[in-house]
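Please treat every number below as a calculation from the coordinates, not as lab data. No experiment lies behind these values; they were computed from the predicted model shown. Heads up, the Cβs are rebuilt from the backbone with ideal geometry, glycines too, and the neighbour counts pull from every protein chain shown.
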Amino acid sequence: MVMPDIVLDLPLPPSVNKIRRINWAAYRDYQRWQKDADNTLMLHKQNKQRGITGAFKIIIDIDYDALRADPSNVLKALEDYCVSRHFVPDDRKRFLKGINIRFADNLSEGCRVTIVGV
């Protein structure tokens with residue numbers, strides 16, 4: 001049985017440069033972003049999608065004008081968010097088989113994460 005793609009329209013997360021240091025102010029920004037992301041998924045009715053249990057690929061579309069950091073600096077926060085919300089089992093290479101980051105225009109939020117089972 002083929003799993004349908006999971007599509008998540010999310011606000012852009014803080015840069016990994018901010019959230020991977022012991023910086024409690026930045027950590028609070030990250031926690032605030034997680035709550036904003038949860039609320040955004042509920043708004044778009046995307047929070048009830050069934051997670052992928054096996055291998056997957058991630059496609060990340062980023063609104064070019066909204067991005068202030070390097071594109072790769074938002075990747076880890078988005079991967080961790082997908083794991084924490086059980087959309088994917090883990091972001092280790094055992095499961096994550098590919099990543100594609102691309103720029104887009106006119107997204108309803110700052111980015112769109114599409115998870116494809118493989």
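Tabulated data for the structure shown
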item: Candidate set from segment 77-94 (those that are touching a Gly at 6+ places or on another chain (Cβ under 7 Å) and surrounded by 16 or more Cβ atoms within 10 Å (Cβ to Cβ)); member that is farthest from residue 41 (Cα to Cα); result: 88
item: Residue that is surrounded by the fewest Cβ atoms within 10 Å (Cβ to Cβ), among those in segment 36-63 that are over 12 Å from the mean Cα position of the chain (by Cα) and within 15 Å of residue 14 (Cα to Cα); result: 36
item: Hits in segment 33-82 (condition: among the small types (Gly, Ala, Ser) and within 21 Å of residue 16 (Cα to Cα)); result: 37, 66, 69, 72, 77
item: Test result for residue 74, under 22 Å from residue 48 (Cβ atoms) and crowded, with 18+ Cβ neighbours inside 10 Å; result: no
item: Where a residue in segment 74-93 is among the basic types (Lys, Arg) and its partner, wherever it lies, is surrounded by 21 or more Cβ atoms within 10 Å (Cβ to Cβ), with Cβ under 9 Å and at least six apart; result: 76/13; 85/8; 85/37
item: Residue identified as surrounded by fewer than 16 Cβ atoms within 10 Å (Cβ to Cβ) and farther than 21 Å from residue 109 by Cα among 66, 25; result: 25
